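To start, the structure itself, in structure tokens.
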Amino acid sequence: MSARKIIIDTDPGQDDAVAILLALASPEEIDVLGITAVAGNVPLTLTSKNARIVCELAGKPDTKVYEGCDRPMGRELVTAEHVHGKTGLNGPVLPAPIMKVEDQHAVNFIIDTLRAHDAGTVTLCPLGPLTNIGSAFEKAPDIIEKVQEIVLMGGAYFEVGNITPAAEFNIYVDPQAADIVFKSGAPIVVMPLDVTHKALVTKPRNDAFRNLGTKVGIAVAEMTDFFERFDKEKYGSDGAPLHDPCVTAYLIQPELFSGRRINVEIETQSELTMGMTVADWWSVTGRAPNAIFIGDIDADGFFSLLAERLSRL
Ligand code: RIB
Ligand code: CA
């Protein structure tokens, strides 16, 4: 089977970094057409820089990185340095990137790429706020029917929110963009906190990264060492939740995951519940299903895949 063509839309972030590394380590299954940076965990200048740092860490400096939106579609930017550190990639000491960012704006790259490919052949993989994707759909609605699938990290239901009591960070930062995406009609697979909080980097799993003994393995161990302190303190969890790599792992081994096709709507009115993903898990509303909402993961299988693929870089 030929590799799946994807665009990774991202706000690195340590977990974004691991998701990108996993994709770049898996050329048989994944063909990364480009990486589009968006403001989220840290401002756009840093997410763009971090995306390039990660591509060079992977030994893939020819990867095309584009800069997108530096603020949400209708709200002030909220960032997450309290989780990811001031640079967004705290933990390892990694060299500043040499590779340059592409001239084209990320939103236009997304539009042009979907227009240039046959319908159903390009998958969008948003790992941060949905600003770039929502902006592209609003600017060029014709591209929506071209999308093969959107596999995104965002939202929460049984796990409730991580930035407010009701909302997960990616959706909370840009609820208007998320509303556009979830109402677009494009096929969507959602990796919410319900599943990502089951993908915890316990010490044995982190040791497995470090014991690869490679630049990449050690850097990933140091990233998750830094990244885990927030969740350990808040949830008492046994390690950092690897949110975003669930997206790229799904493209390689979907059988690691299970979920339910349901209706998911986004709260865009009430400040109290702004950005909440209202997931109709029990189908009580009669609203048409619009997303596969993932609830479970084979965590051991996930980490085995991750360690094996990272060992290739
Ligand atoms: O809520 C977790 C999500 O927000 C992850 O994508 C993390 O990188 C941050 O963007
Ligand atoms: Ca992210």
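Each reported figure results from applying straightforward, stated rules to the coordinates on display, with no laboratory input. What you see is a predicted model, and the numbers here were worked out from it, not measured in a lab. As a convention, Cβ positions derive from the backbone with ideal geometry for all residues, glycine included, and neighbour counts pool all protein chains shown.
Worth a mention:
- Between the C-alpha center of segment 4-19 and that of segment 104-158 there is a gap of 14 Å.
- Rounded is the label for the chain, because the ratio a/c of its alpha-carbon gyration tensor axes (a ≥ b ≥ c) stays below 1.5.
- Most mobile of Pro289, Pro72, Pro241 in a GNM of the chain (Cα contacts under 10 Å): Pro289
- A protection proxy built from the mean count of other Cβ atoms within 10 Å ranks the segments 231-240, 4-13, most packed first, as 4-13, 231-240.
- Segment 213-258: C-alpha gyration tensor shape, a/c 1.5 cut-off, then a/b vs b/c: oblate
- Counting charges near Ile98 (Lys, Arg +1; Asp, Glu -1) among other residues having Cβ under 14 Å from its Cβ returns a value of +2.
- Comparing Val284, Val160, Val42 in a Gaussian network model of the chain where C-alpha atoms under 10 Å apart are linked, the largest mean-square fluctuation is found at Val284.
- Helix screen, the chain: DSSP H segments with Cα axial length of 20 Å or more and mean Kyte-Doolittle hydropathy at least -1.0 are 215-235.
- This model, with +1 at the C-beta of Lys and Arg and -1 at the C-beta of Asp and Glu, gives the chain a dipole about its Cα centre of some 400 debye.
- Most mobile listed residue (Phe230, Phe303, Phe293) in the chain, GNM with C-alpha springs under 10 Å: Phe230
- Taking the Cα centre of segment 156-209 as origin and assigning +1 to Lys and Arg Cβ atoms and -1 to Asp and Glu Cβ atoms, the resulting dipole is close to 180 debye.
- Above-threshold pairs, the threshold being 32 Å between Cα atoms, out of Lys183/Lys203; Lys5/Lys139; Lys60/Lys198; Lys49/Lys146; Lys60/Lys203: Lys183/Lys203
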